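Only one structure is covered here, and it is reproduced in the block below.
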Amino acid sequence: MFERELETALALARDAGAAIMKIYDEGFEVEEKFITETYSEPVTLADKTASTIIVRGIADEFPDDAVLSEEEPDDVARRLASSRVWIVDPLDGTKGFTEKMGDFAVQIGLVENGVPRIGVVYQPIGKRMFYARKGGGAYLSENGSEGERLSVSDLTDFEEMTIAVSRSHRSPRMSRIIEHYGFANEFRHGSVGLKVGFIARQLADIYIHLSPYTKYWDTAAPQAIIEEAGGTLTDIFGNRIDYTLKDVRNHNGILSTNGVSKQAAVAHLRPLLTEFGRLRVTKD
């Protein structure tokens, strides 16, 4: 099942990636998009162009499905009434794009009845394609090569594990987490989807993202991939992300693991969340 959906997502990710690279090479201006009164994120022509390509392509192939894209108005009524919702981050890691660091990706996920069924995370630089469909496994193709099946590590000792962290400056709270767990190594990279992909390919074992500002489009595609590779993606309290709600913000952060370490990871994180004064947010 979902073969046609996966092929469509792969093709659209490549097309969007090509458009992104054209803008990347030719130059662009950076605007600020305010998420709240005090929090903003960069946005460029590449984000908007990639979104148009993907959203139109999905509408052509699957006109009855709803689409949620970071760069498009959210048709809430249609989204909540639909059993199938495509969730799109046309350019995950815009900061890496604007700084010419290369660690940015196109993310396309399909959620059916609240469950991620299809996930594509495409890094245009290197043509690195992570992809999965529910029940069909997770794969990585690089530079057009045949996909290699992915599986997570089996490490359970945090002192032997590598944590994926943001490439940008580390916060005091993240330093506290790393000290508390005693992780052996850090894997620094941009893009939520790529960091989760690196857990799927055993370059990292765990990813903890405390920020309450990510949204469905940051997690839907990566979740499909990591789960098919044997891992998990939940909020920082260990609860599944509910993709059927009006509010698309992941107020409770992100925790992605290699699966076997999930319960211990949640238990270790719990006293730190208390220390940080972090309470679980419930939403409608």
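The values are calculated or read from the model by the stated rules, or taken from the named source; none is laboratory data. Every value quoted in this text rests on a predicted model; they were computed, and no experiment measured them. Cβ placement follows ideal geometry from the backbone for every residue including glycine, while neighbour counts extend to all protein chains displayed.
For this structure, a couple of remarks:
- Of D247, D284, all but one fail to be at pLDDT below 95, surrounded by fewer than 18 Cβ atoms within 10 Å (Cβ to Cβ), under 19 Å from L68 (Cα atoms) and of a type in the set (D, E); the exception is D284.
- Across segment 233-240, not a single residue is classified as farther than 19 Å from Q263 by Cβ and in contact with a strand residue (DSSP E or B) (Cβ under 9 Å, 6 or more places away or on another chain).
- Picking from residues in segment 258-281 that are of a type outside the set (V, I, T), in contact (Cβ under 8 Å) with a residue 24 or more places away in the chain and part of a loop (DSSP other than H, G, I, E, B), the one that is surrounded by the fewest Cβ atoms within 10 Å (Cβ to Cβ) is R280.
- Complete set of residues in segment 210-235 that are among the β-branched types (V, I, T) and in contact with a Pro (Cβ under 6 Å, 6 or more places away or on another chain): none
- Listed conditions (1) closer than 26 Å to N113 by Cα; (2) of a type outside the set (S, T, Y); (3) in contact (Cβ under 8 Å) with a residue 24 or more places away in the chain; (4) part of a loop (DSSP other than H, G, I, E, B) are all met by E227, apart from (4).
- Residue in segment 162-172 that is at pLDDT below 95, within 22 Å of N252 (Cβ to Cβ) and over 22 Å from the mean Cα position of the chain (by Cα) present: yes
- All positions within segment 196-224 that are part of a loop (DSSP other than H, G, I, E, B) and either charged (D, E, K, R) or under 12 Å from the mean Cα position of the chain (by Cα) (or both): R201, D205, T214
- Segment 1-114 holds helices (runs of 4 or more DSSP H) entirely within its bounds, and those carrying 1 or more residues that are surrounded by 15 or more Cβ atoms within 10 Å (Cβ to Cβ) and modelled with pLDDT under 95 map to 3-26, 45-61, 94-98.
So that you can scan it fast, the table gives a plain yes or no per residue for (1) within 30 Å of E3 (Cα to Cα); (2) surrounded by fewer than 13 Cβ atoms within 10 Å (Cβ to Cβ); (3) free of Cβ contacts under 8 Å to residues at least 40 places away in the same chain; (4) touching a Gly at 6+ places or on another chain (Cβ under 8 Å):
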{"position": "Y131", "(1), (2), (3), (4)": "yes, no, no, yes"}
{"position": "G144", "(1), (2), (3), (4)": "yes, yes, yes, no"}
{"position": "V152", "(1), (2), (3), (4)": "yes, no, no, yes"}
{"position": "E159", "(1), (2), (3), (4)": "no, yes, yes, yes"}
{"position": "I178", "(1), (2), (3), (4)": "no, no, yes, no"}
{"position": "Y181", "(1), (2), (3), (4)": "no, no, no, no"}
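- Test: residue in segment 172-190 that is assigned to a loop (DSSP other than H, G, I, E, B) and touching a Lys or Arg at 6+ places or on another chain (Cβ under 8 Å): yes
- Residue check, L255 more than 22 Å from I108 (Cβ to Cβ), touching a residue at least 12 places away in the same chain (Cβ under 8 Å) and crowded, with 20+ Cβ neighbours inside 10 Å: yes
- Any hit, segment 264-280, residues being of a type in the set (S, T, Y) and out of contact with any Ser or Thr (no Cβ under 7 Å at 6 or more places or on another chain): yes
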